[in-house]
Amino acid sequence: MNSKPKVLVSRQFVGDTMRQLRELYDVREWKEPGPMPLELLQEWIADCDGYYGSGDPLSEKVIEHAPRLKVVSHVAVGTDNIDIAACTARGIAVCNTPGVLTDATADMTIALLLDYTRRMPEQIQFVRSGQWKMNTPTQLLGTDIRGKTLGIIGLGEIGEAAARRAAAFGMKVIYHNRKPKPGLSPELAEYTSLNQLLQTADFVSLHAPLTAETHHLINAERLSFMKPSAVLINMARGAVVDTDALYHALAEGIIAGAAMDVTDPEPIPQDHPLLGLPNVIITPHAGSATFETRNAMALLALDNMNLVLQGLPPKHCVNPDAWVSEVKR
Ligand code: 8YV
């Protein structure tokens, strides 16, 4: 009889993780390129002790189907796809991977900022399509970021890392959180109200987690507060922005442009109106997508899961109340 704990693995991960998962556990792996269909997720999770994956909608309905589940090991930092309360009520530890993806995600923020301001997609296309006939002083001019103001909404670990990078590029950084961040030097980033930030920033960069409070935080009214020359950067979650309102703001020149690593819906359909706009850059939720970072995330998530399944406290748990619960132990 197989006495290894049973684990649902909903994605294929880099490095040595898959080998370790297969060695340690009786794994049920989803290997297809698309997401697991909901019915299958419910069917497979039903007799599992652990879930190891990212991005699947782990609603109360799915969790209800998993009476043996002790741990949700999410290979990501954001846990908005998981019904944490439902997990806590059932003594299921929800673990995530903060810290290890901070630098990669902050790097990507600056990459999007520079891609937009230096018109990188057009520059590359210009060369590839054979339009580069000579070097002209007026050809595909971008804008400097030095001296411009970056407004960060949600200055947590990633927002702060982005602020440090922006400051190194000579930008002025302002930020808005529910409260000023303790210990943060105002020389690095100055605290402002949300409206003040929207009215002042040349670039508004979103880094807040998706919660009931931040859902559609950037709506038509708030977009109208931004400068007509301003650019919105979204590294957080697509639904922090009201996508229809954003489309109208971009199409009607209420703001100048958007550079987004996340969208709502996600993935964005090919015929989505946003993709028809010239002032939009969209990348496929690739903020943490470097080999080193994805490997570190996968290993940290594996550690978290191993610890819980050995009856030990995980390194990162978003619902420690579940951990102290006696329901499953
Ligand atoms: C992705 C992220 O989830 O950590 C997060 O919250 O959004 C990203 O790192 C990534 O696709 C994980 O596989």
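The values are calculated or read from the model by the stated rules, or taken from the named source; none is laboratory data. In this text, all values refer to a predicted model and were calculated from it rather than measured experimentally. Quick reminder, even Gly has a Cβ in these numbers, built from the backbone with ideal geometry, and neighbours come from all protein chains shown.
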Review point. Which one is surrounded by the fewest Cβ atoms within 10 Å (Cβ to Cβ), of the residues in the range 1-45 that are small (Gly, Ala, Ser) and free of Cβ contacts under 8 Å to residues at least 60 places away in the same chain?
Key: Ser3
Practice item. Determine whether Cys48 is crowded, with 17+ Cβ neighbours inside 10 Å, in the same structural domain as Asn319 (by TED's automatic domain parsing), more than 16 Å from the ligand (Cβ to nearest atom) and in a helix (DSSP H, G or I). Key: no
Practice item. From (1) assigned to a loop (DSSP other than H, G, I, E, B); (2) closer than 15 Å to Leu206 by Cα, pick out the condition that doesn't hold for Ala259. Key: (1)
Practice item. Would you check if there is a residue in the range 137-157 being in contact with a His (Cβ under 8 Å, 6 or more places away or on another chain), buried (at least 16 other Cβ atoms within 10 Å of the Cβ) and in a helix (DSSP H, G or I)? Key: no
Practice item. Identify the single condition in (1) part of a loop (DSSP other than H, G, I, E, B); (2) farther than 14 Å from Gly154 by Cβ that Gln199 does not satisfy, given that it satisfies every other one. Key: (1)
Check your understanding: Looking only at the range 260-285, which residues are surrounded by 14 or more Cβ atoms within 10 Å (Cβ to Cβ), within 16 Å of the ligand (Cβ to nearest atom) and either of a type outside the set (D, E, K, R) or touching a residue at least 60 places away in the same chain (Cβ under 8 Å) (or both)?
Key -> Met260, Asp261, Val262, Thr263, Ile268, Ile282, Thr283, His285
Point to revise | Only listed residue being within 16 Å of the ligand (Cβ to nearest atom), small (Gly, Ala, Ser) and crowded, with 22+ Cβ neighbours inside 10 Å, chosen from Ala236, Ala249, Ala230 | key: Ala236
**Study point:** Failed condition for Phe13, given (1) more than 18 Å from the chain's Cα centre (by Cα); (2) within 16 Å of the ligand (Cβ to nearest atom)
**Key:** (1)
Revision key, fill the gap. From the option list Gly99, Gly147, Gly156, single residue qualifying as at positive phi and either within 21 Å of the chain's Cα centre (by Cα) or of a type outside the set (Gly, Ala, Ser) (or both) is Gly99
Exercise for review: Starting from the range 156-173, keep only residues that are in the same structural domain as Leu112 (by TED's automatic domain parsing), then list their pairs with residues that are buried (at least 17 other Cβ atoms within 10 Å of the Cβ) and of a type in the set (Lys, Arg) whose Cβ atoms are within a distance under 7 Å, requiring at least 6 positions of separation or different chains.
Suggested key: Met171/Lys148
**Study point:** Subset of the range 52-78 (residues that are touching a residue at least 24 places away in the same chain (Cβ under 8 Å), assigned to a strand (DSSP E or B) and within 14 Å of the ligand (Cβ to nearest atom))
**Key:** Tyr52, Gly53, Leu58, Ser73, His74
Review point. Part of a helix (DSSP H, G or I) and at pLDDT below 95, is that true of Ala301?
Key: no
Review point. Any idea which residue in the range 96-136 is farthest from Val173 (Cα to Cα), counting only those that are charged (D, E, K, R) and part of a loop (DSSP other than H, G, I, E, B)?
Key: Lys133
Exercise for review: Among the candidates Glu187, Glu221, single out the residue that is over 24 Å from His285 (Cα atoms), assigned to a helix (DSSP H, G or I) and of a type in the set (Asp, Glu).
Suggested key: Glu221
